[in-house]
Amino acid sequence: MDAVLDNLDLYFKAFGYTVALFLVSGVTSMILGTLLAAFRVGPVPVLRWATSVYVTLVRNTPLVIVFAAFSFMAPMLWGPLNFRWLSVHIGGFDFTAFFAAAVVSLSLYTSSFVCEALRSGVNAVSVGQAEAARAIGLPFSGVMSQVVLPQAFRASVPPLASVQIALIKNTSVAAVFGVAEATSQMRSITNDFSSQRTEIFIAFAIGYVVIVEVFSFFAARLESHWRVAR
Amino acid sequence: MSTTVLYEAAGPKARLRQRIYTAVSVVALLAIVVWFFWRLNESNQLSYDKWEAFVTPDYLRVILVDGLLRTLQMAFFAIIFAVLFGVFFGIGKLSDHAWVRWPSWLVVELFRAIPVLLLMVFTWYTLGIKAENSAFWAVIIALTLYNGAVLAEVLRAGILAVPNGQREAGYAIGMRKTQVMSIVLLPQAVKIMIPAIISQCVVALKDTALGIYVVAPGLTYVVKQVYLEFHNRVPAILVVGALYVLVNLLLTALASWLQKRYVREKKPLDTPPLGDVQRR
């Protein structure tokens, strides 16, 4: 246990990066995913089709490949995408190019799952609701923003929570691409104290379990608070 | 709700507006595609020597046999073991005995909550980072534990989805608990589970790519050797991505075919989310 107790500052800093990755990508993926979902059910056939192609492609690509694309391919396509211009320091945390590439990859990857979760939520809204909204003369944007999406968001809280929990776990992939978050810190501590690998593993596993359980607690609260009678 | 109830059949004004939206989005999408290939070409990524490795039969054979086949092997072993793991702990969670139920719940909940990559690093160090094939088995074990925990949840939902009369009929003709489970409930539950198992195959296959972090063999490893030799990282990323997407789409097609052919059940299984204490 000494290996972790002596490095508690590193341990908490690593989980700080994990939480930061999760929070930033979580919010971005929700915004992007909502936009995609609107395209996905909208009246413009080309956008419906393009979104469905995008979602299918991204959902079937391993996250590592998405990360590789944004770490090595994107900078070649367009210079500023190397994110070298980014260097924010808050407290002891440095948010640099690696962090930005990780956030972009995680957000784009997760947004396709958010889109699917929201689409299933839209499908759960009863037909009468949309018909009533049209009957009082609302245009598509009004039907969506005033009537369907508020209900769809509520109906899709459980699938959205699963998507975001998957995102918490997926932040570990950033370890492969140079972000010093929990999994990469676990590997480096294990490398230094390999005789204590079990204790180190348990300590880091507990960190992830705590984050996941705290998030699910709030998601469950939100769901019971928001549940609508249908 | 089908999407067509979301908007009226378009009138003349709306048709014009939709045509404008369509035109704008077609132009935007085309611009993105053209820009993508133009930039690839500008940065010299489309030249023959960058793609040579992927059209030369000898290299192709190495990529497909040492790479893709080895990756598929890892995913295959992981899924077989995960199904066994899932059956064991899924039934454990339904046990009448608290001392079986609680540990099973703990194991399933734990392995669902921690990242596969963390498990992979741990099993890699446990097997010995220098030991032969340790990375190969580390990937398989990590994927087994994670996917097994997910499948345990699916199996439990599958068994609970079998109509209650089946279980009662089993007890009525004098079967034991074990017999009711293995002869009556499991066969029906597994049938309902088939699509879920296949979509878990897609997850397992995608996660084999994480093996790159523990230097595991497979597609990512082989292609890494290729791009180190040919300095063609971008084509390599595109090829690996395309191969994964292709295999996953084939698996998805298989899943929906099986669903139609054997299951005919439209409703997906209702598995509880993580940390849902009421429904353990």
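Every number in this text was worked out from the coordinates using simple rules, so none of it is lab data. Since we're looking at a predicted model, the values are computed, not measured. Using ideal geometry, Cβ is built from the backbone for each residue, glycine included, and neighbour counts are taken over all protein chains shown.
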Inset, instruction - State, as an integer percentage, the relative contact order of region A:2-226 based on alpha-carbon contacts under 8 Å between residues 6 or more apart. - result: 28
Legend entry - Set of region B:86-113 residues, backbone N closer than 12 Å to the point 7 Å along the Cα-Cβ line of residue B:169: none
Inset, instruction - Quickly estimate the mean residue ellipticity at 222 nm for chain B, helices only: each DSSP H run with n ≥ 4 gives -39500 (n - 2.57), and the total goes over all residues, rounded to 500. - result: -23500 deg cm²/dmol
Inset, instruction - Would you compute, for the Cα atoms of region B:1-131, the largest minus smallest coordinate along each principal axis and list the three values in descending order, in whole Å? - result: 69, 53, 23
Inset, instruction - Treat the count of other C-beta atoms within 10 Å as a stand-in for reagent exposure and order B:207, B:96 from fewest to most. - result: B:96, B:207
Legend entry - Cβ-derived FRET efficiency at R0 35 Å, residue A:213 paired with residue A:193, nearest 0.05: 0.85
Legend entry - chain B: Lys pairs at Cα distance under 26 angstrom, eight or more positions apart or on different chains: 17
Inset, instruction - Could you pull out the longest piece of chain A with no exposed loop chymotrypsin sites (Phe, Trp or Tyr not before Pro) in it, calling a site exposed if DSSP puts it outside H, G, I, E, B and it has at most 13 other Cβ atoms within 10 Å? - result: A:86-230
Legend entry - FRET E, pair residue A:221, residue A:90, Förster distance 30 Å, beta-carbon r, rounded to 0.05: 0.55
Inset, instruction - Can you quote the Å³ per residue value for the convex hull of the Cα atoms in region B:53-279, rounded to an integer? - result: 146
Inset, instruction - Could I have the simple spin-label model distance between residue B:98 and residue B:130, label points 7 Å from Cα toward Cβ, reported in nm to one decimal? - result: 5.0
Inset, instruction - Determine, from the Cβ-Cβ distance of residue A:131 and residue B:9 and an R0 of 22 Å, the FRET efficiency 1/(1 + (r/R0)^6), rounded to the nearest 0.05. - result: 0.95
Legend entry - Extension gain from residue B:80 to residue B:106, taking 0.36 nm per residue of separation minus the Cα-Cα distance: 7.2 nm
Legend entry - If the convex hull is drawn through the Cα atoms of the protein assembly as shown, its volume per residue in Å³: 184
Inset, instruction - Provide the descending list of Cα extents for region A:2-226 along its principal axes, expressed in whole angstroms. - result: 68, 45, 32
Inset, instruction - Take A:195, A:120, A:107 and order them by how many other Cβ atoms sit within 10 Å, fewest up front. - result: A:195, A:120, A:107
Inset, instruction - Between B:87, B:203, B:26, find the one with the highest GNM mean-square fluctuation for chain B; connect C-alpha pairs within less than 10 Å. - result: B:26
Legend entry - Spacing of the two label points (7 Å from each Cα toward its C-beta) at residue B:20 and residue B:183, in nm: 7.2
Legend entry - Spatially proximal lysines relative to residue A:13 (Cα-Cα < 18 Å; intrachain offsets below 8 disregarded): A:169
